[in-house]
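Right, one structure below, let's go through it.
Values in this text are rule-based calculations from the coordinates and carry no lab data. All values reported here derive from a predicted model rather than from experimental measurement. Here the Cβ positions follow ideal geometry from the backbone for every residue, glycine too, while neighbour counts run over all protein chains shown.
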Amino acid sequence: MKETSRFDLRRMQSSVCSSDDVAVLVRVLAVLLLLVVAVSVVSTSTEQKLWAWSVSSEEEISYRPPTSLMHNMSDEQLFEHALRVSKLSKYRSRGTPKVAFMFLAEERISLTPLWDRYFRGYQGLYSTYIHSSQGDYAVNSVFYKRQIPSTASDSKSFSTIDAARRLLANALLDLSNERFVLLSPACIPLFNFSFTYKYLMSSKYSFVEAFDMPGPGARGRYTPKLAPEVGLSQWRKGTQWLEVSRRVALVVVNDTTVYPKFDRLRSEMIVQHEHYFPTVLTVKAAHIIANRSITWELWRSGQFEPVTFGMEDTTEQLLRKINEEHECSHNDKPTAVCFLFARRFAPSALWPLLKLAPTSLGFGSRETY
């Protein structure tokens with residue numbers, strides 16, 4: 001009996017860790033504690049990050065949709081990140097494709113109630129982005145906390161081209177965005193959301209206006225300093241209000257040849273925003289643009305800005321005539337619908353637009369194209 005007890009005691013004593021073993025164990029526990037603290041710090045800063053990356057190799061990258069638009073990336077880092085994210089094509093088929101509505105605004109969007117009604121009931125089919133340093137929106141608005149981070153600290157960053165490229169890059173970070181519409185705060189929709197969604201998603205072309213026109217207002221603005229990247233035969237003019245597929249958006253964000261030339265000649269060229277997008281896409285993607293815009297404007301001879309429509313101008317007749325007076329094609333077939341949006345509408349036009357929304361604009365119905 002005593003021998004058994006001595007044996008058990010010796011076995012227990014031999015199982016006790018030595019001082020060296022204890023030191024190693026303490027070090028391991030300390031490392032684990034540091035890792036826990038590090039993970040905690042990272043998790044508390046998720047509002048400053050759009051994406052969660054878990055990289056074990058070049059091919060193994062886990063994706064999580066963004067929950068916030070906030071980040072502190074520079075434009076260069078943003079564009080690089082957008083291109084990297086877009087390579088994760090295997091994740092794009094997992095969700096419903098969305099249309100990204102990107103608003104290029106200097107101030108608060110005054111027609112917000114109209115857009116809120118336009119998007120009502122279509123959650124998961126759209127996303128909104130605003131490039132503006134001003135404007136607070138109600139918690140239940142589609143524009144609440146949808147202002148993108150901007151490095152607009154000088155005149156260069158405030159340019160229309162820079163702002164539009166920044167909007168595209170931020171919208172590309174969401175892999176479910178398949179179509180991208182650039183709009184102004186003075187834009188209105190001409191049809192209900194379901195019609196617009198089907199029209200865009202079914203199009204094999206991007207809607208970018210790009211035309212070649214003689215005279216001082218078009219070819220006359222070309223400078224030989226753009227060569228050899230851009231020749232006179234590739235120089236184009238068109239409205240900045242465009243709509244593009246994800247493929248074309250990536251072409252713009254990944255432009256490292258045409259944009260640098262425009263950037264260097266910024267102080268020498270006028271109204272660059274009328275030429276950059278039509279020109280770069282003529283150079284790099286001419287076969288997949290429809291060479292027309294889907295945003296209508298009314299220009300009158302001798303005027304340098306389109307007509308602005310106020311309360312008295314905004315009628316059912318005006319909205320109906322916009323598409324009645326034009327002909328175009330959709331996927332190479334004639335269509336009676338050329339424009340999905342229109343501008344410029346003043347803040348005073350909001351009330352008649354809200355009255356016309358259920359009838360002339362079809363808000364609330366689910367018709368499809």
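Summary table
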quantity	calculated
Environment charge at Ala164 (Cβ cut-off 13 Å; Lys +1, Arg +1, Asp -1, Glu -1)	-3
Built amide H within the under 5 Å cut-off of Ile130, gap 5+	Phe103, Gln147, Ile148
Kirkwood-based shape ratio for the range 250-303, expressed as Rg/Rh from alpha carbons	1.03
By average C-beta atoms within 10 angstrom, highest first, the peptides 96-106, 119-129, 320-330	96-106, 119-129, 320-330
All-pairs Cα distance distribution in the range 146-293, expressed in whole percent, bin size 5 Å	2, 9, 19, 22, 21, 15, 8, 4, 1, 0
Across Lys284/Lys333; Lys198/Lys225; Lys237/Lys321, pairs whose alpha-carbon gap is larger than 32 Å	Lys198/Lys225
Residue order, fewest to most surrounding Cβ atoms within 10 angstrom, among Ser194, Ser68	Ser68, Ser194
Pairwise FRET efficiency - Ser233 versus Glu324, Cβ, R0 = 30 Å, nearest 0.05	0.25
Projected area averaged over orientations for the range 73-176, convex hull of C-alpha atoms, nm²	7.0 nm²
Unit charges on C-beta of K, R, D, E only; dipole of the range 209-322, Debye	440 debye
Other-chain or far-sequence residues with amide H under 5 Å of Asn177's (modelled H)	Lys98
Computed over the range 73-176: relative contact order in percent, which uses C-alpha pairs under 8 Å that are six or more apart	37 percent
Sum of side-chain charges, Phe143 neighbourhood, beta-carbon under 10 Å (Lys, Arg +1; Asp, Glu -1)	+1
Gained length - Gln134 relative to Asp313, 0.36 nm times residue gap less alpha-carbon distance	61.7 nm
Lys, Arg +1 and Asp, Glu -1 on Cβ, resulting dipole of the range 125-267 about Cα centre, debye, nearest 20	280 debye
Rounded to the nearest 20 debye, dipole of the range 73-176 from Cβ charges on Lys, Arg, Asp, Glu	620 debye
Global size of the range 156-200 as Cα Rg and Dmax, reported in angstrom	12.8, 38
Histogram of C-alpha separations across the range 299-369, 5 Å bin width, %	3, 13, 20, 23, 19, 13, 7, 2, 0
